[in-house]
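The structure appears below as structure tokens.
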Amino acid sequence: MRVMSQLNRLLVTLFISLVAGCASQPPSRQHNLCAVFKQHPDWYDYAKESEETWGTPASISMAFVRHESSYRSDAKPPFEWFLFIPLGRPSSAKGFAQIQDPAWQDYKQERGGWFRSRSDMEDALDFVGWYNHKSNKLLGISKWDPKRLYLAYHEGHTGYRRGSYEGKPQLLRIADRVDRTAREYGAQLRRCEGQFRCRKWYQSGPLCD
């Protein structure tokens with residue numbers, strides 16, 4: 001009995017490890033949103049749920065995640081060193097959308113946070129939509145303006161209002177790349193969205209034509 005119990009525990013552990021590994025596998029073709037959703041079809045559902053709740057197009061939210069983490073659930077800023085002395089990480093950002101601790105706490109306080117995780121794509125995309133909604137309300141940035149939304153996302157609402165990004169050429173280049181990716185993603189999604197929108201047995205009607 002003891003051997004069987006140990007074997008069962010080992011099998012459960014292996015199964016959990018395999019599932020976790022599959023769930024966190026980054027897409028192999030990150031430049032193509034159709035390929036990303038084909039590899040992870042649930043991400044389409046999460047992106048559209050965020051879009052319907054907050055108004056930021058799915059293509060923009062997915063562009064944020066691509067450039068923040070390359071779709072890695074465990075992404076963190078690189079560890080910094082001074083010679084051989086570890087200095088730690090430059091910020092508390094982590095997860096798919098590289099969300100920092102203060103913003104994450106504000107989000108959980110508003111949305112409820114018992115089971116939310118920055119390493120969960122559904123929660124990460126909901127956060128991106130939530131934050132961009134606030135950028136729209138507080139700063140007047142259009143939810144269809146990927147570059148300015150990203151600058152506010154990176155610098156924070158106070159920093160964006162001060163124009164802190166103006167002296168950061170590298171950040172401006174990244175924001176341009178996010179903008180370009182979002183627009184490419186949008187064009188790609190328009191060509192393939194039907195296969196994701198209506199892939200479930202209960203989905204029917206004019207939107208699925």
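Can you flag which of 38/143; 38/168; 38/137 are past 30 Å Cα-Cα?
On the way: 38/143 25 Å; 38/168 36 Å; 38/137 33 Å.
Violating the 30 Å limit, Cα to Cα: 38/168; 38/137.
What are the ³J(HN,Hα) couplings of the stretch 140-146, residue after residue, when phi is run through the Karplus curve with 6.51, -1.76, 1.60 and θ = phi - 60°? Round to Hz, x for glycine and proline.
Result, rounded to whole Hz: x, 7, 4, 6, 10, 10, x.
Under 12 Å between alpha carbons, and skipping anything fewer than 8 positions from residue 48 in its own chain: which aspartates and glutamates qualify?
Cα-Cα hits under 12 Å: 122, 126, 193.
Kindly rank 28-39, 43-54 from highest to lowest mean number of other beta carbons found within 10 Å of each residue.
Values: 28-39: 17.0, 43-54: 19.9.
Highest to lowest by the protection proxy: 43-54, 28-39.
Every read-out reported here was derived from the displayed coordinates using simple, explicitly stated rules and does not represent laboratory data. This is a predicted model, so every value here is computed, not measured. Because the Cβ atoms are built from the backbone with ideal geometry, glycine has one as well, and the counts that use them run over all protein chains shown.
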